[in-house]
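Colleague: Handing you a structure now.
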Amino acid sequence: LVPTILLFFIATVFITSSIENLFSGQVEKSLQESLVVAQIYYQNESRNNLYFGRQICQILVQQQLLEKRNPALIQEFLKNKRAEYNLEAVEVISDLLGKPVRVNGPNIPPGGFPSLESKILREAKLGEETTKIQSIGQGDLIRGLIPIRTAQNLREVMGILVVESFIPQSMVSRIAEISTAFEDHKRLRMVKHPILSSYLATLSLVTLLIIFSAVWFGLTIAKGITDPIQKLAEGTQKIIRGNLDFQIGRTSEDEFGTLVDSFNQMTQDLKGSRIQVEKAHAELSKSNIKLEQRRRYMEVVLRDVGAGVISLDGKGTVRTINKSAEKILNIKAEEVLGKAYREILPPEHLAAAEEWIGAVNLAEHHSLTRQIKLNVGTETLTLLVKMAPLRDEENQPLGMVIVLDDLTQLQKAQRAEAWREVARRIAHEIKNPLTPIQLSAQRLRKRYLSQFAQDGAIFDECTRIIINQVEELKNLVNEFSAFARMPEANPSPNDLNAIIREAMVLFEEGHKHIHFQFRPDPDIPVFDLDREQMKRVIVNLLDNAVAAVDALSEPGIEGQITIETRLDPVLNLVQIEVADNGCGVSPEVKPLLFEPYFSTKAHGTGLGLAIVNTIVSDHDGYIRVKENPPRGARFIIEVPVKRG
């Protein structure tokens, strides 16, 4: 390969150098100078003809030979001048002589000559000197035309003198050959690069052919050596693709034959191993399928169960958590999966959790049940926690499962029901003696007030206090009765925004110092709700908001209460938000806010928000309280949209 390439480069340099020499500038310059010499020769002959013609014309004019109108005299004169000036031919054309008078030299070939063109004759008659080169077969004829002017008026032309020189054919041919050679050289120079490229392409083709032949010859020789190795490589690829039945035929008894035998034995061993692996894989796949089915079944069960379920491995790492546990603890699965419980639990619960987990591990087969209170966000939940150990068939610990039951709402419902029973009994026991007491006080006041002259004021004040306090006790008993005998909701199609407007009008008129704002959602449709109960909810919330604003009134800060309604078409529910910029609700009060008989007011009964919570629950809704930065509180009610 290397010698061929070296030879190619040497041949390339040689061809390039030869073509450059062939088309060198020296050859072109020589041809061009030869052509210039020929052109100069023609130009000199033309100038000589004109020069000698002027001399002859001058003598003709001076001697007034044309005026004599003697052709013989003119012919003799021309003959002498032709010989004197060594001219080839001289001719005079004039109307004074009638026919042209011509004298030829010995070098002029016999035969006719081409006549002059009328255009040239016309130019000469107009007084212009001109030359004309004409080819006559035996050579080239150079003619010079000089006008013959009169002696009296130089502008008047009385004839034309024609002086001719003859260039023989031999010289004309040489000049033509020089011109042709020069033009050919110029044309060849234009195709110099294509010629060079053609030669180089041919040389390249031959070189490639030689290289191809050498490579083919080398491959043919090497094939006999590499063929066994190639078969082994092909066999290896087939084995990689899974064809373990492939066998290579033994073609020799040398080392390659031994290698082929070893290869064939290896494929048989691999085939046997693969059969065993496939059997084991099939059994493992069946086991995995069963495990996967059981896992999916357990996921479906745990997903739909109401209790929260969390599983830990032996190291205390969270492995599974269902949707209910996420909802109860207000966390996301991706935030806790794969993390140890020590990283997730807050410090105040970590010690108790470690104690319980240790107790479960020591108990081995027994579970542990505890009821705890847990702060989740802004809420305090009551949870029933049940922990049970997980062990395999050999009683080795695998971890534990934790079940969470949210008892918060259940306890609230139980407390509310208990308070209702208490309220019913208190109202029954207190209401009976109140009327006689009030009537007796009124009779005493009416009959004896005028009889006490000195102590009349004291008697009047005491009886009035008794009557007023009895009236307050009646109001309290009525509140107890209303809470104890809360009527069931009687929903009917109503406009929620209209109900809220009616309730706000009452407060706007009575509390001019507070700015009330209502932002209704016009997309809320008419849906089923108890008009009177929902109005009572709004009135109670507005009453609490007014009390909160008045409790934190500051100079220069206007009290604000805003009610906003929003429709969620995706969840098909309506959200009512009552916000104020009052004193707000402290975190420790929030869990107790909707409990019966809990109040932050000095003279409150603690039943207002409990009644609100009951009404909202009867409408299958939910109420919660949040902060309203920078100050104040927001009560948010969510009620489903039900129709018909």
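Colleague: If you scan the range 259-283, which residues turn out to be surrounded by fewer than 14 Cβ atoms within 10 Å (Cβ to Cβ), under 15 Å from ILE239 (Cβ atoms) and not hydrophobic (A, V, I, L, M, F, W, C)?
Modeller: SER262, GLN265, GLN268, ASP269, GLY272, SER273, ARG274
Colleague: Among ILE74, ILE40, ILE19, ILE56, which is the only one that is in contact with a helix residue (DSSP H, G or I) (Cβ under 7 Å, 6 or more places away or on another chain), β-branched (Val, Ile, Thr) and at pLDDT 70 or above? Break it down stepwise before answering.
Modeller: Values: ILE74 fails: in contact with a helix residue (DSSP H, G or I) (Cβ under 7 Å, 6 or more places away or on another chain); ILE40 fails: in contact with a helix residue (DSSP H, G or I) (Cβ under 7 Å, 6 or more places away or on another chain); ILE19 fails: at pLDDT 70 or above.
None of the other options fit; the residue is ILE56.
Colleague: Determine which single condition LEU381 fails, assuming it passes every other condition in (1) hydrophobic (A, V, I, L, M, F, W, C); (2) at pLDDT below 75; (3) outside any strand (DSSP E or B); (4) within 28 Å of VAL589 (Cβ to Cβ).
Modeller: The one condition LEU381 does not meet is (3).
Colleague: Can you tell me how many residues within the range 336-354 are under 19 Å from GLY399 (Cβ atoms) and either not in a helix (DSSP H, G or I) or not assigned by TED's automatic domain parsing to the domain that holds VAL309 (or both)?
Modeller: Summing the residues that are under 19 Å from GLY399 (Cβ atoms) and either not in a helix (DSSP H, G or I) or not assigned by TED's automatic domain parsing to the domain that holds VAL309 (or both) in the range 336-354 gives 5.
Colleague: Let me ask another. When you check VAL92 against the structure, is it at pLDDT below 75, assigned by TED's automatic domain parsing to the domain that holds ILE175 and among the β-branched types (Val, Ile, Thr), yes or no?
Modeller: Details: at pLDDT below 75: no; assigned by TED's automatic domain parsing to the domain that holds ILE175: yes; among the β-branched types (Val, Ile, Thr): yes.
Criteria not met by VAL92.
Colleague: Check the range 344-353 and report whether any residue there is exposed (fewer than 15 other Cβ atoms within 10 Å of the Cβ), more than 51 Å from the chain's Cα centre (by Cα) and at pLDDT 75 or above.
Modeller: no
Colleague: Also, quick follow-up: Find the residue count for the range 73-96, including only residues that are touching a residue at least 40 places away in the same chain (Cβ under 8 Å) and buried (at least 19 other Cβ atoms within 10 Å of the Cβ).
Modeller: Qualifying residue count for the region: 8.
The values are calculated or read from the model by the stated rules, or taken from the named source; none is laboratory data. Predicted, not measured: the structure shown is a model, and the values here were computed from it. We place every Cβ from the backbone using ideal geometry, glycine too, and count neighbours over all the protein chains shown.
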